[in-house]
Amino acid sequence: MSDAFFTGDRAATRLPFDLPRLGIGTAPLGGLFTEVTEEEATRTLRAAGDAGITYFDTAPRYGHGLAEARLGRLLGPAGVSEPVISTKTGWLLRPRPDGSPGEVVPDWSERGIRASLESSLTRLGRSHIDILYLHDPDDFPDEVRRTAYPAVRRLREEGLVRAIGFGMNHSAPMAAHVAEFDVDVVLIAGRFTLLDHEALGTLLPLCAKTGTAVVVGGVFNTGLLAAPSPGAMFNYRPVPAETLARARRCHELCAAHDVPLTAAAVQFPALHPAVTSVVLGCRSAEEVTANVAAARFPVPGELWQCLADEGFVPRELVP
């Protein structure tokens, strides 16, 4: 077994605590794509606890609060006594009159930010949150500047959150926020993978310079790098033929070195020293076990070099 993924170089950050290298994303536990039963969620979190995973990323939008509520109910019984939890704000849940899930609406006011956090704390059963991200504020730059960022900064000053940042799917607006605001950490999804190096241009160098921790999600690009086959999704959309061909070629190179494609996909972001942590969405105990195995699988330097030769890995990151 190899621990290179867990022991590789990481740049110093402004975080006031150590963020584990590997975390679990809980969108699947909120029912993303397919429903997950309470029993399946329990088994998933127990498998995470058994594997020593203590970092969990969630959001109110994941199942209209279901993912947060499940973490609050199930982490203790799963044996995770001191979890590191990140959640998100900027959107409020509006249930229907009968109490069933209704709309998710943006609210970047200080009142909305605080209401969102208070609801998250209740669902999670916690007195504070380790990381609070402003969630997908791409279309609301003025609101972020006027009210949302000042609100989360005050929450940090009050001790209700330990660290603040942005959670987004596009690196250019995120880099602009990092340049403008005093943030501790960012979560970028799907933009630093074997198939997409968007974050490498500006975001990662900027975060390395400012000491902003980087968490990478979406390493499989919505499943394509887990199973590159027709009908697969790429960043939540049907995969284009050219991208599918690239994913299959990546799979061929990994297979030639007896390395699962998933292992290369999980470990790739950690080649960059600005990347602090990788979060992987899991909907079952089996997925937790498989993803931990992928993180620990020994990937030879020769494979990284071959992947670099065909543009899947930036040459400067080859170990």
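The values are calculated or read from the model by the stated rules, or taken from the named source; none is laboratory data. The model shown is predicted, which means the values in this text are computed figures rather than measured ones. Virtual Cβ from ideal backbone geometry, glycine too; neighbours counted across all protein chains shown.
What the table shows:
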| item | result |
| --- | --- |
| Residue match in segment 226-244 (condition: at pLDDT 95 or above, under 21 Å from residue 137 (Cα atoms) and buried (at least 23 other Cβ atoms within 10 Å of the Cβ)) | no |
| Helices (runs of 4 or more DSSP H) wholly inside segment 240-303 that include at least 1 residues being in contact with a Pro (Cβ under 7 Å, 6 or more places away or on another chain) and without any contact (Cβ under 8 Å) to a residue 24 or more places away in the chain | 241-256 |
| Enumeration of residues in segment 141-172 that are aromatic (Phe, Trp, Tyr) and farther than 25 Å from residue 197 by Cα | 149 |
| Residues satisfying the stated conditions in segment 87-144, i.e. of a type in the set (D, E, K, R), modelled with pLDDT of 95 or more and assigned to a strand (DSSP E or B) | 88, 130 |
| Filter result for the condition that a residue is among the acidic types (Asp, Glu), surrounded by 16 or more Cβ atoms within 10 Å (Cβ to Cβ) and more than 21 Å from residue 131 (Cβ to Cβ), over 310, 287, 316 | 287 |
| Residue that is modelled with the lowest pLDDT [pool: residues in segment 15-36 that are loosely packed, with under 15 Cβ neighbours inside 10 Å and not polar (S, T, N, Q)] | 33 |
| Hits in segment 200-209 (condition: within 16 Å of residue 172 (Cβ to Cβ) and exposed (fewer than 15 other Cβ atoms within 10 Å of the Cβ)) | 201, 205 |
| When residues of segment 60-95 are limited to those that are basic (Lys, Arg) and within 16 Å of residue 24 (Cβ to Cβ), the one surrounded by the fewest Cβ atoms within 10 Å (Cβ to Cβ) | 73 |
